[in-house]
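Values in this text are rule-based calculations from the coordinates and carry no lab data. Because the structure is predicted, anything quoted here is derived from the model rather than measured. Note that we place each Cβ from the backbone using ideal geometry, even for glycine, and neighbour counts take in every protein chain shown.
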Amino acid sequence: MNLDRTFTIDSLLDGCKKGDRKAQESLYKALAPKMMGVCMRYAKDTFEAEDILQMGFVKVFQKVSEFRSDGSFEGWIRRIMVNTAIETYRKNLRSLNVVDIDEVYDQPQSTFDMGKLELNDLMKLVQQLSNGYRIVFNMYAIEGYSHKEIAKELGISEGASKSQLSRARAILKDKIIKMEGLNYASNIG
């Protein structure tokens, strides 16, 4: 009999709640690649992402009995991964580069063709951002947190969150424009 993915994840949830190691291993194998993608967006490198992933799954298995089935189990796990990434960030706050909102200025907008930008290229650019910029960018642009929620989670002001996002966007835009310039030049020559 061919089981659909939802049924399989639900049956693994039941096994995990009972402490079944095989169910835990199967759940890990089923969701680790997708959750690694979440962790990579927050981590400065692959090693940190792997650490976040492992710590996140430990929390999943420790807290699985707390899952209330209000939403999807996979969404609940994703939230744990994001929160674990935020905790990792907090531990490494000493390298945070916070810029006051008053230091941010509006820059003229320039356009560029996002169609030529590959997802992997964008991921690499996001990972090059400093920790503060990367975390705020991911929380706001990818996860949909508000600046108020980001400020609360990271222990910074809303203005600092807005500033971090603004700077992250400006840096990413500059990097993309430079990348396109290099691609354009290599296509000519």
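The Cβ shell under 14 Å around residue 48 holds other residues with a net charge of +1, Lys and Arg each +1, Asp and Glu each -1. All Cα-Cα distances of segment 5-91, cut into 10 Å bins from zero to the largest, leave 18, 52, 26, 4 percent in each bin in turn.
For segment 24-72, the alpha carbon positions stretch 33, 21, 17 Å along the principal axes, listed from largest to smallest. When 81, 123, 55 are arranged by Cβ crowding within 10 Å, least crowded first, meaning fewest neighbours, the order is 123, 55, 81. For residue 142 and residue 90, the FRET efficiency from 1/(1 + (r/R0)^6), where r spans their Cβ atoms and R0 equals 22 Å, is about 0.75. Counted residue by residue at 0.36 nm each, then reduced by the alpha carbon distance between them, the extension gain from residue 68 to residue 158 reaches 29.3 nm.
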